[in-house]
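Trainee: Just passing along the structure, written as structure tokens.
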Amino acid sequence: MENQQINLFFDKLKRIVNDKTLIKLVLSNQRDHSSELKSTIITIVEIKKGVRLNFVYRFKTKDITKNFAFEEAIPIIKKSLEDEFFNADLFTNNETIQLNIAKRGKAKIKTTRPVLKAVDSFAHDHVKERVIATEQNVYLRELGILNANYEVYHEMSDKYLQINRYIELIGPTIRELSLSDGFHVVDMGSGKGYLTFAMYDFLTNILGKKITMTGVESRNELVNLSNDIAAKSKFSSLRFITGTIAEVPLEKIDILIALHACDTATDDAIFRGIVSHASLIVCAPCCHKQIRKEFRVKNELKNILKHGILMERQAEIITDGLRAMIMESQGYQTRVFEFISTDHTPKNLLIVGRKVTINPADKLNILENINRIKEFYGIGQHYLEGLLAGAGK
Ligand SMILES: C[S@@+](CC[C@H](N)C(=O)[O-])C[C@H]1O[C@@H](n2cnc3c(N)ncnc32)[C@H](O)[C@@H]1O
């Protein structure tokens, strides 16, 4: 396929990849409408081997993901434009470039203003990590996300998206931590281990870290299942143990993760992270029962909280808001943000705390603010406060 406009398009693509301003390239408008491949979405990822172009092939009933070096990717894209698609839409931070190829092969480029926002701009030297690849991914296959050909089951594509989003969100923070080799990551309430395996994969195979990782889970059958999958995946320093978040014996925790552990089990996990002086605490709370039961609102707000749903939402905000403040009082710099859209799961908040030093005056100030908020809502004690008080913290 030789054509001046097409050559110009690939020159632009090369420049955009080099400048790291590519948001995504979408190949679409099928040449053959009966083809199962509906579109291909290409983004930049950084993996251990370096920067790669990540291809997501969107079939009617499944997605297949593959990474290619730039030089390998160009002939693949060219071939795809010859055989499969008429259009290539190049979304960048600065412009949108559309290549349309007519049936007889004549191509036209149109350049317009940018229409997509850069999620994680390469221009800021901040490499986007959407990297849990499906190729030969044993744990994703064993967990039922991929079929025997390592293709994402259509009905599991949300789960696959959630796993990637989780790594994209937490990855950059972990990358910034200066932890020495051998650090210990604990995932409390690991469940079936989807996110535990993905984090282990990211830390060891993508970041190249030497770590030990422990998944803690109260259900023995899940622990056995996860240990089997860890062995099949040759994840030699990942183990799962049966126990409760509050009491399971553990060596020093460097990174504490607790995703969707119920109600105060999240507080038990945060507490274990704090007393172990963990460098990073990551939790996605769920079921906010404790604070809701504590609410004794006597001010004007009671006119709003008489509605059950508003009371529920308020209790969630106050529970998690106080959690973040209590972590801050213990010397953690916190961020609270959405994990994944509510289309995928209603449990969508992440609290991330990074260990910093705090001076006594700042601590006192935070504690006073916590007390004022508790007073406003008539709350006696946040469960996490009780745990810390019991430990003299
Ligand atoms: C909703 S699942 C979440 C699994 C996984 N973290 C995720 O986000 O995909 C919660 C898991 O935590 C476990 N769990 C809840 N409370 C626990 C506790 N106190 N100690 C240990 N495991 C607990 C449950 O058995 C369940 O498997």
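The values are calculated or read from the model by the stated rules, or taken from the named source; none is laboratory data. If you're wondering where the values come from, they're calculated on a predicted model, not measured in any experiment. So basically every Cβ, Gly included, is an ideal-geometry build from the backbone, and we count neighbours across all protein chains shown. These area figures cover heavy atoms from the full protein model, side chains too; ligands, DNA and RNA do not enter into them. Shrake-Rupley method; radii C 1.70, N 1.55, O 1.52, S 1.80 Å.
Trainee: Looking at Ala278, Ala315, which is the one that is aliphatic (A, V, I, L, M), under 21 Å from the mean Cα position of the chain (by Cα) and open to solvent by less than 30 Å² (accessible area, probe 1.4 Å)?
Mentor: When all the criteria are applied, what remains is Ala278.
Okay, residues lined up against (1) over 14 Å from Lys12 (Cβ atoms); (2) free of Cβ contacts under 8 Å to residues at least 60 places away in the same chain; (3) not in a strand (DSSP E or B):
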residue	(1), (2), (3)
Asp63	yes, no, no
Asn67	yes, no, no
Pro75	yes, yes, yes
Lys79	yes, yes, yes
Glu82	yes, no, yes
Phe86	yes, yes, no
Phe91	no, no, no
Leu99	no, no, no
Arg104	yes, yes, yes
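Trainee: Here's a follow-up. Answer with yes or no whether Glu155 is within 20 Å of the chain's Cα centre (by Cα), in the same structural domain as Val356 (by TED's automatic domain parsing) and more than 21 Å from Ala284 (Cα to Cα).
Mentor: yes
Trainee: A follow-up question, please. What residue, among those in region 248-286 that are over 27 Å from Leu140 (Cβ atoms) and of a type in the set (Asp, Glu), is nearest to the ligand (Cβ to nearest atom)?
Mentor: The qualifying residue nearest to the ligand (Cβ to nearest atom) is Asp268.
Trainee: Right, next: Consider Lys306 carefully, then state whether it is in the same structural domain as Val216 (by TED's automatic domain parsing), in contact with an Asp or Glu (Cβ under 7 Å, 6 or more places away or on another chain), surrounded by fewer than 19 Cβ atoms within 10 Å (Cβ to Cβ) and on the phi < 0 side of the Ramachandran plot.
Mentor: For Lys306, the condition - in the same structural domain as Val216 (by TED's automatic domain parsing), in contact with an Asp or Glu (Cβ under 7 Å, 6 or more places away or on another chain), surrounded by fewer than 19 Cβ atoms within 10 Å (Cβ to Cβ) and on the phi < 0 side of the Ramachandran plot - is not met.
Trainee: Would you tally the residues in region 88-105 being modelled with pLDDT of 90 or more, within 23 Å of Asp19 (Cα to Cα) and open to solvent by less than 30 Å² (accessible area, probe 1.4 Å)?
Mentor: So the count comes out to 5.
Trainee: Then there's this: Being within 13 Å of the ligand (Cβ to nearest atom), farther than 20 Å from Tyr160 by Cα and in contact with a strand residue (DSSP E or B) (Cβ under 7 Å, 6 or more places away or on another chain) is the filter here, so list the residues in region 222-247 that pass it.
Mentor: Within region 222-247, Val223, Phe240, Ile241, Thr242, Gly243, Ile245 qualify.
Residue by residue, here is whether (1) polar (S, T, N, Q); (2) more than 16 Å from the ligand (Cβ to nearest atom) holds:
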position: Leu177; (1), (2): no, yes
position: Asp181; (1), (2): no, yes
position: Val186; (1), (2): no, no
position: Gly189; (1), (2): no, no
position: Leu203; (1), (2): no, yes
position: Asn220; (1), (2): yes, no
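Trainee: What pairs come out if I take residues in region 224-247 that are farther than 14 Å from Tyr194 by Cα and part of a helix (DSSP H, G or I) and pair them with residues that are open to solvent by 40 Å² or more (accessible area, probe 1.4 Å) and away from the ligand (no atom under 11 Å from the Cβ) whose C-beta lies under 7 Å away, six or more apart or interchain?
Mentor: These pairs meet every condition: Lys232/Glu142.
Trainee: Tell me the residue from Ile170, Ile145, Ile163 that is within 23 Å of Thr334 (Cβ to Cβ), open to solvent by less than 10 Å² (accessible area, probe 1.4 Å) and not acidic (Asp, Glu), please.
Mentor: Ile170
Trainee: Here is a further query. Just give me the residues in region 36-73 being open to solvent by 30 Å² or more (accessible area, probe 1.4 Å), touching a Phe, Trp or Tyr at 6+ places or on another chain (Cβ under 9 Å) and either more than 30 Å from Lys210 (Cα to Cα) or outside the structural domain of Phe9 (by TED's automatic domain parsing) (or both), in sequence order.
Mentor: Within region 36-73, Glu36, Lys38, Ile41, Thr61, Lys62 qualify.
Trainee: Looking at Phe271, Phe295, can you tell me which residue is farther than 26 Å from Glu247 by Cβ and touching a residue at least 24 places away in the same chain (Cβ under 8 Å)?
Mentor: Phe295
Trainee: Can you go through Asp254, Asp263 and tell me which one is modelled with pLDDT of 95 or more and either closer than 20 Å to Gly353 by Cβ or open to solvent by 70 Å² or more (accessible area, probe 1.4 Å) (or both)?
Mentor: Asp254
Trainee: Follow-up question, since we're still on this one. Among (1) under 30 Å from Val152 (Cα atoms); (2) in contact with a Leu (Cβ under 7 Å, 6 or more places away or on another chain); (3) at pLDDT below 90, which single condition is Met1 missing?
Mentor: Only one criterion in (1) under 30 Å from Val152 (Cα atoms); (2) in contact with a Leu (Cβ under 7 Å, 6 or more places away or on another chain); (3) at pLDDT below 90 is unmet by Met1, namely (1).
Trainee: Sticking with this one: Which of the residues spanning region 318-338 are part of a helix (DSSP H, G or I) and either open to solvent by 70 Å² or more (accessible area, probe 1.4 Å) or not β-branched (Val, Ile, Thr) (or both)?
Mentor: Asp320, Gly321, Leu322, Arg323, Ala324, Met325, Met327, Glu328, Ser329
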